[in-house]
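> Handing you a structure now.
The values are calculated or read from the model by the stated rules, or taken from the named source; none is laboratory data. Just so it is clear, the structure is predicted and the values come from calculations on it, not from any experiment. No Cβ is skipped: glycine too gets one built from the backbone with ideal geometry, and neighbour counts run over all protein chains shown.
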Amino acid sequence: MITFENVSKFYGEILGVNRINLSISRGITSLVGPNGSGKTTLMNLMSGLLRPTQGSINVLGLSPDQPEKLFRKLGYCAQFDSFPKGMTGRDFVQSFLEISGFVRKEAINLTNRALERVNLVDAAKRKVESYSKGMRQRIRLAQAIAHNPQVLILDEPLNGLDPMARAEVIALFRQLSDEGMYLILSSHILHEVDMMSDRVVLINNGYIVADGDTRGVRSEMQEHPLQILIRCDKPSLLAARVFQQDDIVVEARLHKDRRGLFIKTVNPDEFYLFFNKVVLEQNLQVESIHPVDDDLDAIYQYLIGSEGS
Amino acid sequence: MSSRVEVYPNEQVDEKLPLALWWRQLQAIFRVEAKKNFFNRRAILLYLLALNPSLIFIMLIAFGSKRRLIDPVSIIQTFSEVYEGLILRVVIFFGCSWIFINLFRSEIVDKSLHYYFLTPVRRELLVIAKYFSGLLMASVIFSVTTLLCLFLIYFPRGYEASMQHIFEGPGLNHILSYWGISVLGCVGYGSIFLLLGVFFRNPILPATFFYCWELISFLLPPVLKKLTIIHYLQSLTPIKLSEGPYAIVAEPLTPWVAIPSMFLLTAVVLVVTCLRVRRMEISYSNE
């Protein structure tokens, strides 16, 4: 378990993060928020690159103050797109494994495996300076996972990757998560975060504004009724029935193609029961029914909104 | 992308003093740093700086007084003047400032220091390995400079006369002394510049102050002279040069005081630097 207890970080008078209480368990946890919201600060605090102004952090029973122990269990792919000068991709991964204390033979094996995992075997002999942005991203990922850490922190790991590489990297994250790893990542690509994350932590202005799985977070947002689009053969009839349920339905309006009905409900469970009843009574032919704002994108818009854009 | 899933067990380090691990880590950091120091493009300027005194000696041989270059006493006098005025006070001083300030500072500027901080290595080991890699580079380059200049100053006398002066006269003692002073200069100046590179965001100003302090050491009273590196190094030179009419003369230190003092200074500086690096945060945007 990774825990933050009342953690604050100030850069002089500027707030980084404030009074963070957070527990992170196995699986993929995504930190989501606008630029400057405190995502990277949180990751740097976790890895000991920054020290908290107050509070304490615990990573699998270790304090980030003990790098010699912590980084046997933790790998961090930071967002700095810079490298030690003059190194090839292979040198880069292997050198830091040797610095970690692995003997050369083991370091070579681990380097080969890491390069394979990020699909960079062919380019490994080239200098990192000559790599494309996506390749540089992947070699940093290889360096972070090479020693098989239990915790992997990834700051904007999908940046610069083409769609194919992005899909491969996401599959790798899922695989690592299935192996029991703790993955903590930040990303601006909300639909991909939504797709791969077991849990999201929304951060804004240094504060955690929401935390949990996407559906759970959405269901707790009482001030924003859930929107559902129902496509059926008699949307007008359905609308007439829905208007009689003003205790659970806040708003209903016909879709512009007049083949569907938008519903806003404060109590989705009750609404679905009611809807089933109407379908049976009126013999409605239902084509589809799906919530339109229970994804991460909508949650982000509701909680952070234009501040983040 | 590979779909194989195997997790290597992390090496368990339960020992209180995992010396074998530390030794491996020191060697690994040392290799990376030494390679970076010697083959970095930035090192070209350093090599040019180190070549400067040799060019002066070549010019002396080509255009200087032949009589002066054959007389053994004049030879070592000329070398001593160039050594103290140029090699020690300029080449070794500025060379060490370049090498040792950049051990940490250049990686902060290049935003690559975090890779070291993200490995399971004690930061104290990082400081020690970086210092010794810098010391290796400085010692090799400035030893070559010193020895090359000595070779050039003996060159006009011819092989036999030079060998006689070296092995039957005071030559060997002079060569070993100046070579040792060069290395000791790298040890002392290196530690100070390492400290400046770690403590100051812009080390140019403190380095300039330090240069001025070293430059005016001949004007300082004996107590303050002991706070300059050059006083310890000058105490070891086999030929004592006059520092001019305004110099405050102080008793030179014996080698038994001067040499251990440099090492003691280095040890203290390394401890302070380790403490600083241990607490160091990575926040490149503030640099």
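> So if I check each of B:ILE282, B:ILE239, B:ILE230, which one is under 21 Å from B:GLU84 (Cβ atoms), in a loop (DSSP other than H, G, I, E, B) and in contact (Cβ under 8 Å) with a residue 24 or more places away in the chain?
Numbers: B:ILE282 fails: under 21 Å from B:GLU84 (Cβ atoms); B:ILE230 fails: in a loop (DSSP other than H, G, I, E, B).
Residue meeting the stated conditions: B:ILE239.
> Name the one entry in A:ALA171, A:ALA124 that is under 15 Å from the mean Cα position of the chain (by Cα), free of Cβ contacts under 8 Å to residues at least 40 places away in the same chain and on the phi < 0 side of the Ramachandran plot. Reasoning before the result, please.
Details: A:ALA124 fails: under 15 Å from the mean Cα position of the chain (by Cα).
Of the residues listed, the single one that is under 15 Å from the mean Cα position of the chain (by Cα), free of Cβ contacts under 8 Å to residues at least 40 places away in the same chain and on the phi < 0 side of the Ramachandran plot is A:ALA171.
> Of the numbered conditions (1) within 7 Å of chain B (Cβ to nearest Cβ); (2) assigned to a strand (DSSP E or B); (3) touching an Asp or Glu at 6+ places or on another chain (Cβ under 6 Å), A:TYR76 satisfies every one except a single condition; which is it?
Answer for A:TYR76: the failing condition is (3).
> Could you tell me whether the range A:31-45 includes any residue that is within 13 Å of another protein chain (Cβ to nearest Cβ) and charged (D, E, K, R)? Step through it out loud before you land on a result.
The first filter runs over the range A:31-45 and keeps only residues within 13 Å of another protein chain (Cβ to nearest Cβ), leaving A:35-36, A:40-41, A:43-45.
Pick out the ones that are also charged (D, E, K, R) and you get none.
No, because not a single residue in the range A:31-45 is within 13 Å of another protein chain (Cβ to nearest Cβ) and charged (D, E, K, R).
> Tell me which residues, restricted to the range A:130-159, are closer than 17 Å to A:LEU60 by Cβ, touching a helix residue (DSSP H, G or I) at 6+ places or on another chain (Cβ under 7 Å) and within 11 Å of chain B (Cβ to nearest Cβ).
A:ILE145, A:HIS147, A:PRO149, A:GLN150, A:ILE153
> Something else now. Restricting to helices (runs of 4 or more DSSP H) lying wholly in the range A:193-309: which have 3 or more residues that are more than 21 Å from the chain's Cα centre (by Cα)? Talk me through it step by step, then tell me what you get.
Values: elements: A:214-219, A:235-242, A:268-282, A:296-303.
So the answer is A:235-242, A:268-282.
> Okay, next question. May I ask you to verify whether A:LYS127 is modelled with pLDDT of 90 or more and either away from chain B (no Cβ under 13 Å) or farther than 19 Å from B:HIS114 by Cα (or both)? Let's see the steps before the verdict.
Working: modelled with pLDDT of 90 or more: yes; either away from chain B (no Cβ under 13 Å) or farther than 19 Å from B:HIS114 by Cα (or both): yes.
It is true that A:LYS127 is modelled with pLDDT of 90 or more and either away from chain B (no Cβ under 13 Å) or farther than 19 Å from B:HIS114 by Cα (or both).
> Having 2 or more residues that are surrounded by 17 or more Cβ atoms within 10 Å (Cβ to Cβ) is the bar; report the helices (runs of 4 or more DSSP H) wholly within the range B:66-155 that clear it.
B:72-82, B:93-109, B:114-117, B:123-154
> Select from the range A:170-179 the residues that are at the interface with chain B (Cβ under 8 Å from one of its Cβ atoms) and either closer than 23 Å to A:LYS133 by Cβ or crowded, with 19+ Cβ neighbours inside 10 Å (or both) and list them in ascending order.
Listed by number, the residues that qualify are A:ALA171, A:LEU172.
> Now for a separate question. When you look at A:ALA240, is it out of contact with any Gly (no Cβ under 9 Å at 6 or more places or on another chain), small (Gly, Ala, Ser), without any contact (Cβ under 8 Å) to a residue 24 or more places away in the chain and within 14 Å of chain B (Cβ to nearest Cβ), yes or no? Full working, then the answer.
On the way: out of contact with any Gly (no Cβ under 9 Å at 6 or more places or on another chain): yes; small (Gly, Ala, Ser): yes; without any contact (Cβ under 8 Å) to a residue 24 or more places away in the chain: yes; within 14 Å of chain B (Cβ to nearest Cβ): no.
For A:ALA240, the condition - out of contact with any Gly (no Cβ under 9 Å at 6 or more places or on another chain), small (Gly, Ala, Ser), without any contact (Cβ under 8 Å) to a residue 24 or more places away in the chain and within 14 Å of chain B (Cβ to nearest Cβ) - is not met.
> Restricting to the range A:15-41, give me the number of residues that are under 14 Å from the mean Cα position of the chain (by Cα), in a strand (DSSP E or B) and of a type outside the set (Gly, Ala, Ser).
Number of matching residues: 5.
> Quick one: in the range B:46-72, of everything that is at pLDDT 85 or above and in contact with a Gly (Cβ under 8 Å, 6 or more places away or on another chain), which residue is farthest from B:VAL82 (Cα to Cα)? Step through it out loud before you land on a result.
Filtering the range B:46-72 for residues at pLDDT 85 or above gives B:46-59.
Those still in the list that are in contact with a Gly (Cβ under 8 Å, 6 or more places away or on another chain) too: B:46, B:49-50.
Working: B:LEU46: 19, B:LEU49: 14, B:ALA50: 13 Å.
Only one residue tops the list, namely B:LEU46.
> Shifting gears a bit: Can you run down the residue pairs with Cβ atoms below 6 Å, 6 or more apart or on separate chains, where the first is in the range A:260-286 and within 10 Å of A:GLN245 (Cβ to Cβ) and the partner is among the polar types (S, T, N, Q) and in a strand (DSSP E or B)?
A:PHE271/A:THR265
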